[in-house]
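Here's the structure we're looking at; comments come further down.
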């Protein structure tokens, strides 16, 4: 099969994203790699998002819209609904306020083929509400990813979550669903990546080039990976460690807590400076 014949299923859950969803959809439709289906799940929107999505449906035949009558709370459910109908050999995910660079799919497909990988993610640019680059935060994420290679992948992931969902591309046969437990909301993707990195049949690779523009609109640096999200990620790790009898991850958890304490002190200091 030639690379340009491989189908990618792009999955976008949308809930009340009228301010951003147009730009997000256009960033997918403008990809240099064209052979994909685009599954948009309307998660019972109550704003004008549904009307915006409908206009794109008339414009591009690659778009498939699934409209849900009830909102189930988090994005895991609509993603799982989309995966059940996805036809692609690969899955790619995007959130309704994030953007892809035009070569995202093409570069990622080529990287996976060249390296023999079935799971990849990339670095990111950070943008604000007006889609302008936030250079300082983008630099922090580059630093965050720079030392990941000093550890084995799973331990590195526990210590430093380096997989951003909108940058992920993965073989369809590796995953069935995201965890829909309410206690995992905002960490449902973390739980999935953690389990995948512990499997022998998963070959993961990190693309250092930023392929997505990740929207971060809050003023405080502490908003990155907020406290609730960090606690849920820690819970996911402990649950996984106990369920899979992976006591070797204990030291990773211990070091992570120490790192996060030091980071909180630094962030508190930076917040005072950049107020």
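Every number here is computed from the coordinates shown, using simple stated rules; none is lab data. Everything numeric here is computed off the predicted structure, so don't read it as measured data. Cβ sites come from the backbone with ideal geometry, for glycine too, and all protein chains shown count toward neighbours.
Legend: ranking of residues 155, 45 from fewest to most surrounding C-beta atoms inside 10 Å; resulting order 155, 45.
Angle, helix 227-243 long axis vs. longest principal axis of the chain, Cα atoms, 0 to 90°, nearest 10? Relative to the chain, helix 227-243 is tipped by roughly 80 degrees.
Relative to the longest principal axis of the Cα atoms of the chain, helix 135-146 runs at roughly 70 degrees. Between residue 243 and residue 113, the C-beta separation translates, for a Förster distance of 25 Å, into a calculated FRET efficiency of about 0.15.
Ranking 254, 246 by Cβ neighbours within 10 Å, fewest first, what do you get?
Values: 254 11, 246 15.
The order, fewest Cβ neighbours first, is 254, 246.
Using a 10 Å cut-off around each Cβ, can you sort 136, 157 from fewest to most neighbouring Cβ atoms?
Values: 136 11, 157 24.
Going from sparsest to densest Cβ surroundings: 136, 157.
Rounded to the nearest 500, the helix-only mean residue ellipticity at 222 nm of the chain stands at -13000 deg cm²/dmol, with each DSSP H run of n ≥ 4 adding -39,500 (n - 2.57).
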